[in-house]
1. How large is ³J(HN,Hα) for each residue in the range 134-141, as worked out from phi by the Karplus curve 6.51 cos²θ - 1.76 cosθ + 1.60 (θ = phi - 60°), to whole Hz, x for Gly and Pro?
2. Can you tell me which aspartates and glutamates have their Cα less than 14 Å from the Cα of Lys45? Leave out same-chain residues fewer than eight positions away.
3. Full extension from Lys160 to Asn147: what is 0.36 nm times the residue separation minus their Cα-Cα distance, to one decimal in nm?
4. Between their Cα atoms, which of Lys13/Lys68; Lys9/Lys71; Lys9/Lys68; Lys9/Lys160; Lys33/Lys71 are more than 18 Å away from each other?
5. Could you list which residues have their amide H under 5 Å from that of Ile99, counting only those 5 or more apart in sequence or on another chain, with H placed in the peptide plane?
6. Could you give the distance between the Cα centres of the range 1-63 and the range 73-95, to the whole Å?
7. Students often check this: by mean Cβ neighbours within 10 Å, which of 1-10, 98-107, 49-58 ranks highest, and how do the rest follow?
8. In deg cm²/dmol, rounded to 500, what helix-only [θ] at 222 nm does the chain give when every DSSP H run of at least 4 residues adds -39500 (n - 2.57) and the total is split over its residues?
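Each value in this text was obtained by applying a stated rule to the coordinates, not by laboratory testing. The structure presented is a predicted model; accordingly, all values stated were derived computationally and were not measured. No Cβ is skipped: glycine too gets one built from the backbone with ideal geometry, and neighbour counts run over all protein chains shown.
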Amino acid sequence: TIGRLSPEKDHHKLFLSLKKVIENYPDIQINLKVIGSGVMEDELKKQISQLGLDNYIDMLGQVSNPYKYLKEADCFILSSNHEGQPMVLLEALALHMPIIATDITGNRSVLHNTNGLLVDNSIEGLRIGIEQFINGEVQANHQFNINEYNKFALSMFYHKVCE
């Protein structure tokens, strides 16, 4: 996952869902990389330790090239409670990543007509989505074309703002 370590990104919810996945799949090898920094960094690190997830979550902070990590990932997860234009989802789509994201307005608009999995905006929703990915039910987004998306977005902008 990539994003500010702030309340609206709700990493707490993601970590709690990951804990449940590990309880359900005790032999699974999971390594969640969290890229970003922010006001909640210390609190999130504390939660990771309290949940016993130190061996499963790496807090990488700000990195100069997050795409290196994104490209190497098996899946991208976005646990936000609200998003405007979730650029990180577009970046994951451009790299044809399998995506799990909370079903909120910004995520829904970007993932429309893709293989991105929208899940209930809850611990349980994320848990189910991660388990669906583990079971091979979340597909990559090879059909996404960033150039077509840009044309569509510009067309919508001109229609809504300029007309």
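1. 4, 8, x, 9, 10, 9, 5, 10
2. Within reach: Asp10, Asp54, Asp58.
3. 2.7 nm
4. The answer is Lys13/Lys68; Lys9/Lys71; Lys9/Lys68; Lys9/Lys160.
5. Placed amide hydrogens put Phe76, Leu117 under 5 Å from Ile99.
6. Comparing the Cα centres of the range 1-63 and the range 73-95, I get a distance of 16 Å.
7. Those peptides, ordered most packed to least, come out 98-107, 1-10, 49-58.
8. -12500 deg cm²/dmol
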